[in-house]
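Inspection log for the structure reproduced underneath, given as structure tokens.
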Amino acid sequence: MNSMDNPVDFIKTPKSLVEDKQVADVYTREEVKLIIEQLDGEQIELPILLMLTMGLRTGEVCGLRWKAINFKNNTISINQILVYINGQGIMFKKPKTEGSVRTIIAPTELMLKLKKRKKQHNIYKLENILEYEEIVCLNTVLTPYFEKNLIRSWYRFLDKNNMRRIRLHDLRHTHATMLILAGTDMKTVSTRLGHKDIKITMNRYSHVLEEMDKKASENISSIMFK
């Protein structure tokens with residue numbers, strides 16, 4: 001069994017372990033590069049990269065199926081989420097809002113890793129050891145991740161590699177923040193995040209926009225007065 005997983009991760013967990021809504025904390029570009037480097041070959045590599053590079057929500061990552069990935073066009077379609085319900089186990093549900101249903105383009109590097117994982121799943125299928133063959137992100141015992149055990153695996157990965165802890169959901173905020181700082185227009189950012197209204201994106205990341213505006217003011221000052 002991989003060190004990232006533990007048998008107790010696959011049973012129900014008290015609500016106290018679920019992440020509550022908090023002020024977002026994001027990684028720097030340097031931290032992201034280090035995380036991507038350390039993730040290589042780890043079982044949680046794909047779910048983490050899907051959040052970092054695509055801005056997916058945890059449930060969207062856990063519920064992603066292979067049929068939603070278009071390798072020809074490098075796109076991923078989000079149309080369901082996976083949740084764990086006490087007494088019932090894992091279940092698929094519709095996404096959070098209508099805006100959450102979306103198709104977005106994936107980075108080439110992510111698609112290559114997805115292709116590699118798909119080939120491995122095909123091998124498991126031939127060996128008749130793959131029960132959840134339609135699910136993209138599986139843990140080391142080849143069962144689907146759900147929010148609580150993915151959070152545990154995420155923190156275990158960070159601690160193992162002596163990296164700064166941030167909430168799993170903040171990987172999504174890291175993605176959005178980096179898009180904005182790179183000059184991506186807010187409509188595109190909003191669409192990638194699956195927000196039903198661009199105002200939600202504007203309000204949530206107003207602090208990033210303020211920093212960019214401050215930098216723009218400093219740039220014009222440097223150009224014209226120095």
Given the condition β-branched (Val, Ile, Thr), within 19 Å of residue 167 (Cα to Cα), without any contact (Cβ under 8 Å) to a residue 60 or more places away in the chain and part of a helix (DSSP H, G or I), answer yes or no: does some residue in the range 35-58 qualify?
yes
Taking residue 173 and the conditions (1) surrounded by fewer than 15 Cβ atoms within 10 Å (Cβ to Cβ); (2) within 19 Å of residue 78 (Cβ to Cβ); (3) of a type outside the set (Lys, Arg), which numbered condition does it fall short on, given that it satisfies the others?
(1)
When you check residue 39 against the structure, is it touching an Asp or Glu at 6+ places or on another chain (Cβ under 6 Å), within 30 Å of residue 159 (Cα to Cα), at pLDDT 95 or above and among the aliphatic types (A, V, I, L, M), yes or no?
yes
Anything in the range 189-201 that is surrounded by 14 or more Cβ atoms within 10 Å (Cβ to Cβ) and either modelled with pLDDT of 95 or more or assigned to a helix (DSSP H, G or I) (or both)? List them, or say none.
189, 190, 191, 192, 193, 198, 200, 201
Determine, yes or no, whether residue 108 is of a type in the set (S, T, N, Q), out of contact with any strand residue (DSSP E or B) (no Cβ under 6 Å at 6 or more places or on another chain) and modelled with pLDDT under 95.
no
Please determine, by comparing only the residues of the range 1-19 that are over 15 Å from residue 172 (Cα atoms) and among the acidic types (Asp, Glu), which one is modelled with the highest pLDDT.
5
All positions within the range 150-197 that are in contact (Cβ under 8 Å) with a residue 24 or more places away in the chain, basic (Lys, Arg) and out of contact with any Leu (no Cβ under 8 Å at 6 or more places or on another chain):
156, 160, 167, 196
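The values are calculated or read from the model by the stated rules, or taken from the named source; none is laboratory data. What you see is a predicted model; the values in this text were computed from it and never measured. In this analysis, Cβ positions are derived from the backbone assuming ideal geometry, glycine residues included, and neighbour counts consider all displayed protein chains.
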